[in-house]
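Okay, so here's the structure we're looking at.
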Amino acid sequence: MIPPSSTARLCCNSIPAVKEAMALKLGFIEYYLDEWHANNYPQWISEASGGEMKVAYAWAMADSPRGGLTTTEWCKKFGVEPCATMEELIEKSDGLIVLSPDNCELHEQFCQLPLRSGKPCYVDKTFAPDEATAKRIFAIAEASGTPCWSTSALRFAEEYSVVDCESIVAVNSWGPNNFEIYAIHQLEPLMMLMGTPARRVMALQTPAWYLMTIEFADGRCASVSGYEHGSPFMMNISGKTESSVIEIQSDFFHRFILGLVDFFRTGEVPVAHEETTAIMALREAGQKALCCPGEWVTL
């Protein structure tokens with residue numbers, strides 16, 4: 001006969017085992033694993049899903065080139081099973097996350113197999129280096145019927161959800177760091193709020209700052225500034241009758257992870273492919289504009 005105390009331990013220990021077996025298992029596809037997004041997403045996804053989802057598998061092209069953890073070390077630290085091939089990871093996983101957030105030039109290569117799998121797939125920001133690449137990546141998913149999307153986590157900031165988009169006349173936006181990696185965090189909310197494609201872009205820059213003027217298809221304008229040495233994410237929004245200044249202070253990453261979890265539960269894509277492609281087109285034009293200061297670059 002099992003003693004009462006042992007019975008209690010047996011029952012308690014069996015509950016996590018059942019929950020673990022039922023968890024939706026996600027797989028990371030990465031350039032290298034020891035980076036900020038990969039280091040934080042596993043815990044956040046588990047918490048946001050109430051334990052219904054877990055990052056169970058990982059495949060990386062390389063070990064960290066910055067002297068961080070190797071793939072083997074990272075997987076051991078986070079309790080994730082390393083996969084020898086991307087094919088193995090896709091086969092084992094219920095849902096897929098393509099990371100490489102700072103190396104979007106690798107996304108087209110990394111997406112070839114996941115977006116043909118039919119399994120829901122999230123591609124981390126920045127989605128693609130240019131408009132043409134974005135179209136090619138989405139074409140793979142659309143041809144195979146694979147649900148997929150991409151976003152900046154800033155899209156989910158609570159402060160943007162209360163903006164009266166219909167009244168916007170013009171916007172000044174500013175935020176931290178360089179254009180190549182961090183501009184997506186300003187361009188995506190801006191395009192979401194304006195709700196129309198950009199027409200042309202002009203830029204100026206110094207070694208630690210850039211300023212970009214954007215003219216939209218409907219004639220409205222906006223500016224985007226980036227400060228290499230740091231800045232809050234803020235907008236001054238000029239409306240039809242008044243102006244307002246918003247500073248992003250909400251936990252936008254938490255809200256983003258909740259959206260990511262909901263996507264893996266439902267398969268419903270929260271950001272249209274056409275919108276993401278238009279944002280990549282604007283980013284591409286912005287990079288060209290930085291190379292010819294003071295000249296308009298047409299999208």
Practice problem: Please determine, in degrees from 0 to 90 and to the nearest 10, the orientation of helix 273-290 with respect to the longest principal axis defined by the Cα atoms of the chain, where the helix direction is its Cα long axis. | Solution: 50
Quiz prompt | Residue of Gly175, Gly51, Gly27 that the Gaussian network model of the chain assigns the largest fluctuation, springs spanning Cα pairs under 10 Å | solution = Gly51
Quiz prompt | Euclidean distance of C-alpha centroids, the range 197-259 and the range 71-105, integer Å | solution = 33
Quiz item: How many percent of the accessible area of the range 218-299 is carbon or sulfur, using a 1.4 Å probe?
Solution: 50
Quiz prompt | Amide H partners (placed H, <5 Å) of Ala58, local residues excluded | solution = Phe28, Glu81, Cys83
Practice problem: Pop out the ³J(HN,Hα) list for the range 246-257 in order, Karplus 6.51 cos²θ - 1.76 cosθ + 1.60 with θ = phi - 60°, rounded to Hz; leave Gly and Pro as x. | Solution: 10, 10, 6, 10, 6, 7, 5, 5, 4, 5, 5, 4
Practice problem: Mind checking which lysines have their Cα closer than 22 Å to the Cα of Lys77? Skip sequence neighbours fewer than 8 apart in that chain. | Solution: Lys19, Lys25, Lys54, Lys92
Practice problem: Please work out the FRET efficiency for the pair Thr70 and Val269, using the Cβ-Cβ distance as r and a Förster radius of 35 Å; give the result to the nearest 0.05. | Solution: 0.55
Practice problem: Per residue of the range 122-129, in order, report the coupling 6.51 cos²θ - 1.76 cosθ + 1.60 (Karplus, θ = phi - 60°) as ³J(HN,Hα) in whole Hz, putting x for Gly and Pro. | Solution: 9, 10, 5, 5, 6, 4, 8, x
Quiz item: So for the chain, taking the charge dipole from beta-carbon charges (+1 Lys/Arg, -1 Asp/Glu), which of Phe233, Ile137, Tyr32 sits furthest toward the positive end?
Solution: Tyr32
Quiz item: Taking square-rooted eigenvalues a ≥ b ≥ c of the alpha carbon gyration tensor, is the range 177-216 rounded, prolate or oblate, where a/c under 1.5 means rounded and, failing that, a/b exceeding b/c means prolate?
Solution: oblate
Quiz item: Can you work out ³J(HN,Hα) from phi for every residue in the range 82-90, in order, using Karplus 6.51 cos²θ - 1.76 cosθ + 1.60 and θ = phi - 60°, giving whole Hz and x for Gly and Pro?
Solution: x, 10, 6, 9, 5, 4, 4, 4, 4
Quiz item: For the charge dipole of the chain, defined by +1 on Lys and Arg C-beta atoms and -1 on Asp and Glu C-beta atoms about the Cα centroid, which residue among Cys165, Phe179, Val261 has the Cα displaced farthest towards the positive pole?
Solution: Val261
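Which order do Lys92, Lys119, Lys288 take by accessible area at a 1.4 Å probe, largest first? Display every interim value, and only then the final one.
Numbers: Lys92 75, Lys119 55, Lys288 110 Å².
The most accessible residue leads, giving Lys288, Lys92, Lys119.
Going by a ≥ b ≥ c, the root eigenvalues of the Cα gyration tensor, does the range 163-298 fall in the rounded group (a/c under 1.5), the prolate group (a/b larger than b/c) or the oblate group?
Cα axes put the range 163-298 in the rounded bin.
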Quiz item: Given a 1.4 Å probe and every protein chain left where it sits, what share in percent of the accessible area of the range 34-79 is carbon and sulfur?
Solution: 48
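Normalising by the residue count of the range 178-227, find the relative contact order in percent from Cα pairs under 8 Å and 6+ residues apart. Intermediate values should be presented prior to the final figure.
Working: 65 pairs, mean separation 16.6, N = 50.
The normalised contact order for the range 178-227 reaches 33 percent.
Given the chain, what percent of its DSSP beta bridges are antiparallel, to the nearest 5? Spell out each step's value before the answer.
Numbers: 28 of 55 bridges.
The answer is about 50 percent antiparallel.
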Quiz item: Hey, got the dipole for the range 44-185? About the Cα centre, +1 on K and R Cβ, -1 on D and E Cβ, debye to the nearest 20?
Solution: 280
Practice problem: With a probe of 1.4 Å, find how much accessible area the chain has per residue, and write the answer as a whole number in Å². | Solution: 46
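Does the range 179-253 come out rounded, prolate or oblate by the C-alpha gyration tensor, with a ≥ b ≥ c the root eigenvalues, rounded set by a/c under 1.5 and, if not, prolate when a/b is larger than b/c and oblate if not?
On the way: a/c = 1.63, a/b = 1.13, b/c = 1.44.
Here the range 179-253 falls in the oblate category.
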Quiz prompt | Most mobile listed residue (Met235, Met191, Met22) in the chain, GNM with C-alpha springs under 10 Å | solution = Met22
Quiz item: Peptides 275-284, 225-234, 249-258: what's the order by average Cβ count within 10 Å, highest mean first?
Solution: 275-284, 249-258, 225-234
Self-check item: Once the Cα gyration tensor of the range 114-194 is diagonalised, semi-axes √(5λ) in Å
Solution: 27, 15, 12
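The values are calculated or read from the model by the stated rules, or taken from the named source; none is laboratory data. The structure presented is a predicted model; accordingly, all values stated were derived computationally and were not measured. Positions of Cβ are generated from backbone atoms using ideal geometry, with glycine treated the same way; all protein chains shown enter the neighbour counts. Please note that ligands, DNA and RNA were not included when accessible areas were found on the heavy atoms of the full protein model with its side chains. Shrake-Rupley method; radii C 1.70, N 1.55, O 1.52, S 1.80 Å.
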